[in-house]
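Trainee: Before we start, here is the structure in question, set down as structure tokens.
The values are calculated or read from the model by the stated rules, or taken from the named source; none is laboratory data. Remember, predicted model here, so these are calculated numbers, not experimental data. With ideal geometry, Cβ positions are generated from the backbone for all residues, glycine too; neighbour counts draw on all protein chains shown.
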Amino acid sequence: MSMDVHDSNRDRAVLLVHAYVDGELDPANAIAIEQRMASEPALAAERASVEALRHALRERLPREAEPPALRERVRRAVGITRQRTQPTWMALAASVAIAIFASSTGTWYATTRTPSAGGNVSDAVIAAHLRSLMAPQPADVASSDRHTVKPWFSGRIPLAPRVIDLAQDGFPLVGGRVDVVNRTPVPSLVYSRRQHIISLMAVPNALAGSTTPQTVQGYNMISWTAEGTTYWAVSDLNLEELQMFARLFRAAPA
Amino acid sequence: MSGDDSAARFERIVQPHLGDAYALARWITGDRADAEDVVQDACLRAFRAIGGYAGGNARAWILTIVRNAAYTWLARNRSAVVTAVDDLVATESANAGQAVTTAGGDYGANPEAELIAKADAARLEAAITALPPQFRDTLVLRDIQGLDYREIAAVTEVPVGTVMSRLARARQRLIEAISADDR
């Protein structure tokens, strides 16, 4: 086996192992490289090392927020002067900083936090997400067109949610469904990121609970409050991309 | 396009990605204050170009501008760093599979994976900082910022195949560096 280490076939196989770990392979190539990893211990070891590295980088490397003053500095530099919006952006920057700080201890929270009033809501939210993944389709109305998804809710629940198209930012809309949280029907939007599904639930504030980023059974959860609604985003997507999704959704014009 | 339109487009298209812009600039320059200067410069470029931005992936568009601004900045302020980049091109296409030889035949217990699992943040950061710039960019964009291969190819302006080989080499260097600590 050591004879063919430098041949191009082996080099290509190594690249495919990395692409496999990254979820970048089509099914045919994925199956082919799975078979090779099963029979070639060196490739299996490569996979284990790469997965360990990715996990360590994702979980252990603190993600540093931009300095709070940078956003205003940039605005001044390009000649935008909008004092009115400053507090909003500052608050958003501060909340992002807090979320990032909290995310590094998210796993710790999930395992040690005491049950609070919000525990029930977050449990219900993650249960609804898991149920949707087990169903044949994660959405009851499957459409990437927000003008199809939003009216679908109108006949089913009192208040249709904000539906925002984030396809240009790499989070295409998959559709929507109605979940039940604490016996109240709530609208859920479904987005995707590569092969990951994101559920975004809009829960009335009366049911609001904890808004700490959490990791539960390998699923990341983020929530925030806007206009009387608490939004919950749940996915097996990594936390930093889920936070980006939340930032984009919040920043988008209604 | 009026100034107001540009301002509104800038707020909508660029501002949501400011955190990613800053993070990439900090990894490339290795310095917080320098990263802020780079982001400001990049935002000026983006603002001037925003009338011609035709849609598509906004984050990739902005990170491309940030990366170019960062390398322009480095060339102006730290020319020694950038000259080292050119030497890399010759070696990066070389055998990406080399590190596999160290893995041995036993994958039931993988000592490298165990060592990586124990590495702390400071060790990981030091190992990333020590990577050659173009390997580091690719690794940061994929494993820290979560871009997919096509997006990284767009940002770093190389074919997807080059992204794949750079990413594999960058990871293998990190794995080797972290494993070597314990020997």
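Trainee: Given the structure, is residue A:46 under 24 Å from the mean Cα position of the chain (by Cα), modelled with pLDDT of 60 or more and not hydroxyl-bearing (Ser, Thr, Tyr)?
Mentor: No, not satisfied.
Trainee: Only one of B:78, B:45 is modelled with pLDDT of 85 or more and surrounded by fewer than 19 Cβ atoms within 10 Å (Cβ to Cβ). Can you tell me which?
Mentor: So the residue among B:78, B:45 that is modelled with pLDDT of 85 or more and surrounded by fewer than 19 Cβ atoms within 10 Å (Cβ to Cβ) is B:45.
Trainee: So if I check each of B:154, B:90, B:177, B:170, which one is more than 9 Å from chain A (Cβ to nearest Cβ), out of contact with any strand residue (DSSP E or B) (no Cβ under 8 Å at 6 or more places or on another chain), over 23 Å from residue B:64 (Cβ atoms) and at pLDDT 90 or above?
Mentor: B:177
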